[in-house]
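Structure record follows, encoded as structure tokens.
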Amino acid sequence: MKLRLPDRHLLLKTNAVDYFYWNYQFPIKYIQRYRFKSILKLMDTKIYDKLLEIGTGSGIFLIELSTHCRQLYAIDIHEKIKSVQKFCKDQKIKAEVTKCSIESTNFPDNFFDAIISVSVLEFIPDLNSALNEIRRIMRPDGIFITICPQKNSFLDFILSCFTDKAPDEEFLNSRMEISPVLEKSFKVIKKRIFPPILGKLLPVYNCYKLVK
């Protein structure tokens, strides 16, 4: 599967947990890019009407997402939203990028037919409020696709090679809490575990396609 990512030099680190540059570093880039490819597989080949990316960060996924929808929206809470807006303008990406928390948005009820989040939920302080808001702004037949890291000694070792902050310090207990809450809040249409075989014993990521 071909994944369209921008050149690294076009992107700007937007906050302490925006590790967009890992997508270009060997060998962690293979794990990082797997997340995007998993999202795309669960999106299938459908062109969505209105698509929202939660926690867009540097905007690294927006070029790809723009080819899968008619109207693209992206939100994040960081202070460099104007830089992401400029990136979209320079790259001719038609996207409405705004500073906003998914815990409380101004979007109308039943607005999006697709909502995407890539390694975001583990950083949200009030997960239940965020999921309730996602349910509110999703259309009745809409989908929510998300991928989240799991607590895993192998993943923690890899991450420790690329950051000075211990994974348990960065994620606290969120990696153990997200999947149960997601599966309680939504109906699971598809669930992918990475790595595909060993993941049943040592999951690194869980990727979900969810509906109300």
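Listing for the model above:
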quantity: Helices (runs of 4 or more DSSP H) wholly inside region 20-125 containing at least 2 residues that are farther than 18 Å from M1 by Cα; calculated: 81-90
quantity: In region 167-212, the residues that are among the aliphatic types (A, V, I, L, M) and at pLDDT 75 or above; calculated: M176, I178, V181, L182, V188, I189, I193, L202, V204, L210, V211
quantity: Selection count, region 1-11, where residues are surrounded by 14 or more Cβ atoms within 10 Å (Cβ to Cβ) and more than 17 Å from the chain's Cα centre (by Cα); calculated: 1
quantity: Region 39-76 - residue that is free of Cβ contacts under 8 Å to residues at least 40 places away in the same chain and over 20 Å from F111 (Cα atoms) and, of those, surrounded by the fewest Cβ atoms within 10 Å (Cβ to Cβ); calculated: T45
quantity: Number of positions in region 39-49 that are more than 11 Å from the chain's Cα centre (by Cα) and within 21 Å of L121 (Cα to Cα); calculated: 4
quantity: Subset of region 136-145 (residues that are assigned to a helix (DSSP H, G or I) and buried (at least 17 other Cβ atoms within 10 Å of the Cβ)); calculated: I137
quantity: Cross-chain or 6+ apart pairs with Cβ under 7 Å, region 88-105 first and touching a residue at least 12 places away in the same chain (Cβ under 8 Å), then surrounded by fewer than 16 Cβ atoms within 10 Å (Cβ to Cβ); calculated: K99/I77; S101/I77; E103/D126; E103/S129
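The values are calculated or read from the model by the stated rules, or taken from the named source; none is laboratory data. If you're wondering where the values come from, they're calculated on a predicted model, not measured in any experiment. Here Cβ is always computed from backbone atoms with ideal geometry, including for glycine, and neighbour counts include all displayed protein chains.
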